[in-house]
Amino acid sequence: MPKGYGVPKVRAGMLQWSEVRTALEKSGRFWIATTNADGAPHLIQQWGAWVDDRFYWEGGSDTLWAKNLTRQPRIVVSCDHGDMAVIVQGVAGFRTKPAHTLAERVVRSYTARYKRKYDYAPKVTSWDDGGIYELTPIKVLAWVVARFSKSATRFTF
């Protein structure tokens, strides 16, 4: 971090991975940034599920973000939960028909997040004829807004 941010070099106050994972598991809205063919950024809001330290989401292959991922798989996904901000940098791709046990866990996550408020819950078979998108993280940045200079933490995978 730049000196002016006031982030100390000690680990005291930094976040634990379990705290960040919980924020990713409970957040309801995610922002996905991809890169257009001309190099311009493309940002969308998307529903998704954090399962086994991977991010999964649905969408059509004809969307701009999906076309961007086909050409350039590097991606950034961001969310917030309470006062915590989380930014996940990684590589994403299309995963054809996920294993049944993974599909069950993704469905449970979607149902917990979106069923009551939005009346949406996919079925375990929802991705049988197509697939689902998967982000594998490379780096995660997270902090609690009110104590940024003490809590700013980077995790590498």
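The values are calculated or read from the model by the stated rules, or taken from the named source; none is laboratory data. Values in this document were obtained by computation on a predicted structure and should not be read as measured data. In this analysis, Cβ positions are derived from the backbone assuming ideal geometry, glycine residues included, and neighbour counts consider all displayed protein chains.
Of note:
- Filtered by the rule that a residue be crowded, with 17+ Cβ neighbours inside 10 Å and more than 13 Å from the chain's Cα centre (by Cα), the stretch 83-100 gives Met84, Pro98.
- In the stretch 26-41, residue modelled with the lowest pLDDT [restricted to those that are out of contact with any His (no Cβ under 6 Å at 6 or more places or on another chain) and loosely packed, with under 15 Cβ neighbours inside 10 Å]: Gly28
- Pairs linking a residue in the stretch 33-51 that is farther than 23 Å from Leu102 by Cβ and in contact (Cβ under 8 Å) with a residue 12 or more places away in the chain to a residue that is assigned to a loop (DSSP other than H, G, I, E, B) and not polar (S, T, N, Q), with Cβ atoms under 8 Å and 6 or more positions apart or on different chains, are Gln45/Arg29.
- All conditions in (1) acidic (Asp, Glu); (2) farther than 28 Å from Asp129 by Cβ; (3) free of Cβ contacts under 8 Å to residues at least 24 places away in the same chain hold for Asp62, with the sole exception of (2).
- Leu69 being assigned to a helix (DSSP H, G or I), touching a residue at least 24 places away in the same chain (Cβ under 8 Å), within 10 Å of the chain's Cα centre (by Cα) and surrounded by 17 or more Cβ atoms within 10 Å (Cβ to Cβ): no
- Scanning the stretch 87-122 for residues that are out of contact with any Phe, Trp or Tyr (no Cβ under 8 Å at 6 or more places or on another chain), outside any helix (DSSP H, G or I) and among the aliphatic types (A, V, I, L, M) yields Ile87, Val91, Ala99.
- Tyr120 passes every criterion in (1) in contact with a helix residue (DSSP H, G or I) (Cβ under 7 Å, 6 or more places away or on another chain); (2) aromatic (Phe, Trp, Tyr); (3) without any contact (Cβ under 8 Å) to a residue 40 or more places away in the chain apart from (3).
- When each of Asp62, Asp80 is tested for being in contact with a helix residue (DSSP H, G or I) (Cβ under 8 Å, 6 or more places away or on another chain) and either in a strand (DSSP E or B) or surrounded by fewer than 16 Cβ atoms within 10 Å (Cβ to Cβ) (or both), the lone residue that passes is Asp80.
- Qualifying residue in the stretch 142-152 (condition: surrounded by fewer than 19 Cβ atoms within 10 Å (Cβ to Cβ), small (Gly, Ala, Ser), assigned to a loop (DSSP other than H, G, I, E, B) and in contact (Cβ under 8 Å) with a residue 60 or more places away in the chain): no
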